[in-house]
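Read the structure below first, then the notes.
The values are calculated or read from the model by the stated rules, or taken from the named source; none is laboratory data. Here the structure is a predicted model, which means the values were calculated and not measured. Cβ coordinates were reconstructed from backbone atoms using ideal geometry, including for glycine residues, and neighbour counts include every protein chain displayed. Protein only, heavy atoms only, side chains kept; ligands, DNA and RNA dropped before computing areas. Shrake-Rupley method; radii C 1.70, N 1.55, O 1.52, S 1.80 Å.
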Amino acid sequence: MKSTGAWGSVWSTIAVIVGIVAAGTVVAGLLHEPQPDPVAIPGCEEVIQPEDLVRVNYAFVSEGDADISEVPWRFEAKARSMTDALIAALPTGATVEPEPFAPTFGFDAVAVRQSLDGEADALGTVTVGNRTGALTVTVGLSDEPAGPCFAGFEEERSTREDGTVLDTVNRTDTHRVVAYAPDGTRIDVNANDVLTLEQVIDIALAPGLRASAPA
């Protein structure tokens, strides 16, 4: 399966470029420039450090156009079933309004077929109790593993019993989870000013969002 998401190929691209700029780190060491302590991220065996990210700069690039023919959510039935699964995964009592440019909240098969990366996006404004904020859910496919962590982009990594890898960010105004499922589905859930981390994880783990789930 060809990778269909920019993030699925980012870590391999980063690794190549970091190797090229590693000479700068060696020179800095020879000049006795003080080096910061390495950043550790719980659950991550390999962490790309901030100084390497600064040198890489704009290395977050895709390896090429996606093979849309491999993406099941390009079909209306699959896009609808994913939308139903997403809505069902929202907290009890939550209400959601689509973005102004979208007629409804959910995944759009037509937009996927017109895209270059084959990713499906659902964007909306969610209200739970007295909190209202933006919710973005992006679903893609990748044949790449989760790869290393990047300092400043993930705060923790964990692995579920089924092999799903979760990269999480837990901040006051932002809760984000990127789930790498065993079937190659990558589910990126980002909530701003609304939803708890646990609620965002529930969405990322919704079985109906995975490529292998029947429509």
Those residues of segment 177-215 which are part of a strand (DSSP E or B) and over 18 Å from GLU161 (Cβ atoms), in sequence order
VAL178, ARG186, ASP188, VAL189, ASN190, ALA191, ASN192
Can you name the residue in segment 170-200 that is farther than 17 Å from ASP121 by Cα and of a type in the set (A, V, I, L, M, F, W, C) and is also surrounded by the fewest Cβ atoms within 10 Å (Cβ to Cβ) among such residues?
LEU197
Residues of segment 72-108 satisfying the condition of being within 17 Å of LEU195 (Cα to Cα), touching a residue at least 60 places away in the same chain (Cβ under 8 Å) and not aliphatic (A, V, I, L, M):
PRO91
Which pairs have Cβ atoms under 6 Å, sit 6 or more apart or on different chains, and link a residue in segment 163-174 that is more than 15 Å from LEU195 (Cβ to Cβ) to one that is part of a loop (DSSP other than H, G, I, E, B) and open to solvent by less than 30 Å² (accessible area, probe 1.4 Å)?
THR164/ALA181; VAL165/ALA146
If you go through segment 66-81 one residue at a time, do you hit one that is at pLDDT 85 or above, open to solvent by less than 50 Å² (accessible area, probe 1.4 Å), more than 24 Å from VAL169 (Cβ to Cβ) and among the aromatic types (Phe, Trp, Tyr)?
yes
Within segment 201-214, of all residues that are under 16 Å from LEU135 (Cα atoms) and open to solvent by less than 50 Å² (accessible area, probe 1.4 Å), the one nearest to the chain's Cα centre (by Cα) is ALA204
Check LEU135, LEU123 and return the single one that is open to solvent by 40 Å² or more (accessible area, probe 1.4 Å), in contact (Cβ under 8 Å) with a residue 24 or more places away in the chain and either closer than 23 Å to VAL178 by Cα or part of a strand (DSSP E or B) (or both).
LEU123
Considering segment 66-95 alone, what residues qualify as being assigned to a loop (DSSP other than H, G, I, E, B) and either in contact with a Gly (Cβ under 8 Å, 6 or more places away or on another chain) or not polar (S, T, N, Q) (or both)?
ALA66, ASP67, VAL71, PHE75, LEU90, PRO91, GLY93, ALA94
Which one is most open to solvent (accessible area, probe 1.4 Å) among residues in segment 150-169 that are assigned to a strand (DSSP E or B) and farther than 26 Å from VAL71 by Cα?
GLU156
